[in-house]
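S.K.: Would you mind keeping the following structure in view while I ask a few things?
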Amino acid sequence: MVSYKRLSPEDVHFSNNAALDDINEQGSEVKDFELERPLLPWRPSCSVTGILVALGFLLLAISGIWLLGTIFWLHSPSNITPHMAPPPRPSPGKGTGDSGQGVPEPQACAVVPEAWRFDCYPERGVVVTRELCEARNCCFLPASSSPSQSPGMGGVPWCFYPPGFPSYSLTSLNQTELGQTGTLVRAVKTYYPKDILTLQLDLLYETDHRLRVRITDPSDSRFEVPIQVPNASAKATSPAYTVELSKEPFGLVVKRTSTGAVLLNTSVAPLFFCDQFLQLSSSLASRYVYGLGEHRSSFLHDVQWNTLTMWARDAAPVELTNLYGVHPFYLAMEEGGRGTAHGFFLLNSNAMDVVLQPGPAITWRTIGGILDFYVFLGPDPSSVIGQYLEVVGYPSMPVYWALGYHLCRWGYGSSNATWDVVKNMRKYEIPQDVQWNDIDYMDRSLDFTFEPANFSTLPDMVKDLHSHGQRYVMILDPGISSVQPEGQYWPYDEGLKKGVFIKHSDGNTLIGKVWPGLTAFPDFSDEVTHEWWYENLKRFHDKVPFDGLWIDMNEPSNFVDGSTVGCPDSDLENPPYTPGILGGLLRAKTACTSALQKTSSHYNMHSLYGLLEAKASEGGLRRILGKRPFVISRSTFPSQGRYSGHWLGDNRSHWKDMYTSIAGMLTFNLLGIPLVGADICGFSEETDEELCVRWTQLGAFYPFSRNHNSMNQAPQDPTVFSPLARSAMKQSLLLRYSLFPLLYTLFHRAHTHGHTVARPLLFQFPQDEKTYAIDKQFLWGKSLLVTPVLDPGVDYVVGYFPQGLWYDYYTGDSVRSNGEELRLSAPLDKINLHLREGAIIPTQRPNTTLYVSTGQPLHLVSGLSDDGSAQGELFLDDGESLDTFETDQYAHIVFSVVKNTMTSEVQHYHAEASYITVETASIYGVKSKPTRVTVNSHDAAFSYRDNQVLTVTDLGLNLSRNFTISWM
């Protein structure tokens, strides 16, 4: 809801000081606005003197009164309580620069705290001088905390906006069916070209926990991201937020109704809306900010002058670099110890910088599109993610074998060598569900081909995989060779005929260079391209019946900048402001941004390329297989989880890379892409045995688990290591396979409710601030705590245990924590797992493929709370059919323990449940040895250990029927 309240004069900045002085001299009383009425037109009460003057000068008086009322309205207070009290309003400056207010006085600049300096000169590669800064009418003041830092080189800005820097004014506001609409007007141009001086503001109260704000150009249709988002049909009736607006300068404040916490306050810095430079700043509710992918960093972002650039880029993961995906969404925990959280999503695909600073505050700086953003009110972290995914779409339900162990490398060299790896895995009975090939399977790196000499047995290998219940996945790149003789390469010939390729601005096909040499890039924003892509997939599938796709190089990557003939000199190639992208140019190692696609220019569409290719690939596989598709994509964008999973790119065989993979995994779960993992043991550089063992243990708990390495590196599949290491790897993979029922159920929850699969501890313990920075441990679901070893040469690990009762997963030994770190034994063959009190997890007897494992008997593991209760669930279907939940082709079973009795209740029946039995149950935390255990009122065999673990065996219970297990 919107409210207008009274502000004290020192809390308001006016960009036009002369107008303010005029208002002060008149001394007129300002009145509150009635929300039920439009804000314009509005007039104050007329005085007697005014009426007398009006009798003599009727036309002049009417005009004067109208103007006076408008001025009163523009400068009336709004009673915003900013997150940070702004500094006092300065006296008028002496100069008159382009920004219209003149160079600020030194005393006005000095009152701005360093943590709240907003950068007025963000251009890269510029040593910002006083002259350059003051030409923009901004403050120039060296930072006291970094005297050796050069201006414009990162850190505390030396050139920053003074109080009262010109911005937009809110000149009207009217009610709509979903909220309000208003007009924003800028009287003074900025220092960037093509200001849009009049904007439309739309406040949409879409749900009680979702606010949408759109700032657009009412006179021109600008690019908007072409992904499907929900359209609200009615205004929220009991919103968990209030919205307050200031009129001059325009500011937007969003507060949590229940606590008054300020979640968003855009009055901290001026709003910019130029054709190619849009900037919005806001305070943050705390320094606890997560998301903002894709970057290599800790899970908790650093707010100490941290610039995160977003523009899809082919680059091996390193810090402070824009990487493969673009996700302008963050989750923020709020101060106060209540555990409340909210989220913010900017629906924009143009190149952008996101700046975090210690105020704490954030600045969004994008070079195209519109400002279209959502605020999600949670109030807990899991609810925030669910609300975000209600907008961009819940992730798809993966095919069951996608959750098995995958093996790949670049450089097997032949199908026989690939096949030998599979045979060795079988020989040592190490679980493996999927075998992959990298680009070396192709004939001359051409998509939809296989090399006829070294990979002649590829179809036979795939047939053998299928006969063993295993699957095959191949890589595809978007670049299509453009130089094969006419009539000899159908993908290009047919694509050219159908016009599916991205074009130069002059209409000719854009040619770049990738693995096969000169290439054209399909335009996946065109439905014609989707059909062409399907036809290519189908033709190749008829030769090699692959089961899934690995789509790589889809930023799209290009070995030349732009094209083989360069790019035209235009504002799309060389915008007035370029974010801090790797290479310094938008076209660096990708296509010309002036290139044409069906929907818009590549300038707007670039970071959507991977999403749209994933959509085409997912749709093609659906048609070919008639089953759930499996697609893993390198480049991603919001809503990607509907179509594909993601791997974290070309990492290195370093311990640090293993550690940072946890943050990547957790971040992508926040972003709605739960099927995610890193290359186990590292992609580039040589791994070593200890690292590979520890990484395999961790990788067994990636939602997507794949070992992959690079050309010319030593093999690193589990079979090549020593017997001790091989045994440890096998044990960790069997552990993963035993937990498949839990993992599959978690993915069901992700698909139907927007939950995370691998989740940070703060999600389950949001009131424990000690969990906010933890990224060396994580949970599967609510209850299974994973504590991997991330350092070499140790046989122990230190982990944090939030307050409560925890059970060693393997033994049932209990640990009662008051919220403390504990040292855990961790020999080379062990990864520590702990079960949280109150949980029941279904496990199964593992086998070497999930095809076999999924029919094995179940073992229920329960960890009782102090009151003796526990709960859990199991989701079952055939593992591969489309839309089983939506068509009621599934089973759902709920387990619970209350008062010494475990019950299993079939909430939704399907025949799948009748094929599976429960053979054993272990209950941790049974405080005294039972004298009798019954199953459905019949005596049962059991054992009891001194560590309070009760195990009931030989159950033989059909999962499709309700049952009870009682002890006394």
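S.K.: Can you compute the FRET efficiency between Ala143 and Asp813 using 1/(1 + (r/R0)^6), with r the Cβ-Cβ distance and R0 = 51 Å? Round to the nearest 0.05. It would help to have the intermediate numbers written out before the result.
M.R.: Working: r = 53 Å, r/R0 = 1.04.
Efficiency computed from Cβ-Cβ geometry: 0.45.
S.K.: Hey, another quick one. Taking loop as defined by DSSP and a crowding limit of 16 other beta carbons within 10 Å, which trypsin sites (Lys or Arg not before Pro) in the range 929-963 fit? Write out the running numbers ahead of the final one.
M.R.: On the way: sites: Arg932, Arg945, Arg961; in loops: Arg932, Arg961.
Qualifying residues, ordered by number: Arg932, Arg961.
S.K.: Right, something else. Given a Förster distance of 51 angstrom, what is the FRET efficiency for Asp939 paired with Asp791, based on the Cβ-Cβ distance and rounded to 0.05? Intermediate values should be presented prior to the final figure.
M.R.: On the way: r = 50 Å, r/R0 = 0.98.
In this case the efficiency is close to 0.55.
S.K.: For a footprinting-style exposure proxy, rank Ile385, Ile370, Ile774 by other Cβ within 10 Å, fewest first. Could the numbers behind the result be given before it?
M.R.: Values: Ile385 28, Ile370 23, Ile774 20.
Listed from fewest to most nearby Cβ atoms, that is Ile774, Ile370, Ile385.
S.K.: Taking the convex hull of the Cα atoms, report for the range 237-305 its projected area averaged over all directions, in nm².
M.R.: On the way: hull surface 28.5 nm².
Hull-based average projected area comes out at 7.1 nm².
S.K.: What FRET efficiency, computed as 1/(1 + (r/R0)^6) with R0 = 45 Å and r the Cβ-Cβ distance, is obtained for Arg823 and Ser896, rounded to the nearest 0.05? Each step should come with its number before you reach the end.
M.R.: On the way: r = 34 Å, r/R0 = 0.76.
After rounding to 0.05, the efficiency reads 0.85.
S.K.: Principal axes first, then extents: for the Cα atoms of the range 620-664, list largest minus smallest coordinate on each axis, whole Å, largest first.
M.R.: 41, 21, 14
S.K.: With only alpha-carbon pairs counted, each pair once and no self-pairs, how large is the Kirkwood hydrodynamic radius of the range 486-625 in angstroms? Each step should come with its number before you reach the end.
M.R.: Details: mean 1/r = 0.0637 Å⁻¹.
Evaluated over the range 486-625, this radius sits at 15.7 Å.
S.K.: Hey, what angle do you get for helix 527-541 against the long axis of the chain, alpha-carbon based, 0 to 90 degrees rounded to 10?
M.R.: Between helix and principal axis, roughly 20 degrees.
S.K.: For q = 0.09, 0.10 Å⁻¹, what log10 I(q)/I(0) does the chain give under the Debye formula with an equal point scatterer on each alpha carbon and no solvent?
M.R.: -1.01, -1.19
S.K.: Simple spin-label model, 7 Å along Cα-to-Cβ: Val565 to Asp420 in nm?
M.R.: For the pair Val565/Asp420, the computed spacing is 4.8 nm.
S.K.: How far is it, in nm, from the label point at Asn231 to the one at Lys929 when both lie 7 Å from their Cα along the line to the Cβ?
M.R.: Rounded to a tenth, the inter-label distance reads 7.0 nm.
S.K.: Now, a different point. Provide the gained length on full extension for the span Arg222 to Tyr915, in nm with one decimal, where the gain is 0.36 nm per separating residue minus the Cα-Cα distance.
M.R.: Values: separation 693, 0.36 × 693 = 249.48 nm, distance 5.61 nm.
Computed gain between Arg222 and Tyr915 is 243.9 nm.
S.K.: Using only the alpha-carbon atoms, how far is helix 58-74 inclined from the longest principal axis of the chain? Give it as 0 to 90 degrees, nearest 10.
M.R.: 40
S.K.: Would you work out which of Ala261, Val355, Val815 lies farthest towards the positive end of the dipole of the chain, given +1 charges on the beta-carbon of Lys and Arg and -1 on that of Asp and Glu, about the Cα centre?
M.R.: The Cα lying farthest towards the positive end belongs to Val815.
S.K.: Kirkwood hydrodynamic radius for the range 277-397: how many Å is it when counted over pairs of different Cα atoms? The partial results should precede the final answer.
M.R.: Values: mean 1/r = 0.0677 Å⁻¹.
14.8 Å is the Kirkwood radius here.
S.K.: Size of the dipole of the range 391-530 about the Cα centre, Lys and Arg at +1 and Asp and Glu at -1 on the beta carbon, nothing else charged, in debye to 20? Walk me through the numbers on the way to the answer.
M.R.: Values: 11 positive and 18 negative charges, 70 e Å.
Rounded to the nearest 20 debye, it is 340 debye.
S.K.: Using square roots of five times the C-alpha gyration tensor eigenvalues, list the equivalent-ellipsoid semi-axes of the range 547-644 in whole Å, biggest first. Walk me through the numbers on the way to the answer.
M.R.: On the way: eigenvalues 176, 29, 29 Å².
After scaling each eigenvalue by five and taking roots: 30, 12, 12 Å.
S.K.: If you don't mind, another one. Using only DSSP helix segments of four residues or longer, with each worth -39500 (n - 2.57), what per-residue ellipticity at 222 nm results for the chain after dividing by its residue count and rounding to 500?
M.R.: Values: 18 runs with 192 residues, N = 968.
When only DSSP H runs of four or more count, the value is -6000 deg cm²/dmol.
S.K.: Here is a follow-up. What is the gain in length, in nm to one decimal, between Arg622 and Asp542 on full extension, counting 0.36 nm per residue of separation less the C-alpha to C-alpha distance?
M.R.: Between Arg622 and Asp542, full extension yields an extra 27.3 nm.
S.K.: Then there's this: Where the Cα atoms of the range 171-286 are projected onto their three principal axes, how long is each span, largest first, in whole Å?
M.R.: 42, 31, 27
S.K.: Which of the pairs Lys235/Lys255; Lys498/Lys598; Lys543/Lys627; Lys497/Lys627; Lys538/Lys627; Lys498/Lys615 have their Cα atoms more than 23 Å apart in this structure?
M.R.: On the way: Lys235/Lys255 18 Å; Lys498/Lys598 13 Å; Lys543/Lys627 19 Å; Lys497/Lys627 31 Å; Lys538/Lys627 14 Å; Lys498/Lys615 19 Å.
Distance filter (> 23 Å) returns Lys497/Lys627.
S.K.: Report, in degrees rounded to the nearest 10, the 0 to 90 angle that the Cα long axis of helix 458-467 makes with the longest principal axis of the chain.
M.R.: Approximately 70 degrees, to the nearest ten.
S.K.: Would you calculate the separation in nanometres between label points at Glu685 and Leu320, each defined as 7 Å from the Cα along the Cα-to-beta-carbon direction?
M.R.: Distance between label points: 1.8 nm.
S.K.: For the range 763-967, what are Rg and Dmax over the alpha carbons, in angstrom?
M.R.: 18.2, 52
S.K.: Does the range 101-223 come out rounded, prolate or oblate by the C-alpha gyration tensor, with a ≥ b ≥ c the root eigenvalues, rounded set by a/c under 1.5 and, if not, prolate when a/b is larger than b/c and oblate if not? Can you show the working numbers first?
M.R.: Details: a/c = 2.40, a/b = 2.04, b/c = 1.18.
Prolate, because a/c is 1.5 or more and a/b exceeds b/c.
S.K.: Cα extents of the range 687-806 along the three principal axes, largest first, in whole Å?
M.R.: That works out to 46, 33, 26 Å along the principal axes.
S.K.: Distance between the C-alpha centers of the range 846-891 and the range 414-466? Whole Å please.
M.R.: 32
S.K.: In whole Å, how far is the Cα centre of the range 280-355 from that of the range 477-515?
M.R.: Taking the Cα centre of the range 477-515 as reference, the centre of the range 280-355 is 36 Å away.
Throughout, read-outs are computed from the coordinates displayed, never taken from laboratory work. Everything numeric in this text was worked out from a predicted model, so none of it was measured. Ideal geometry is used to build each Cβ from the backbone, glycine not excepted, and the neighbour counts take in all protein chains shown.
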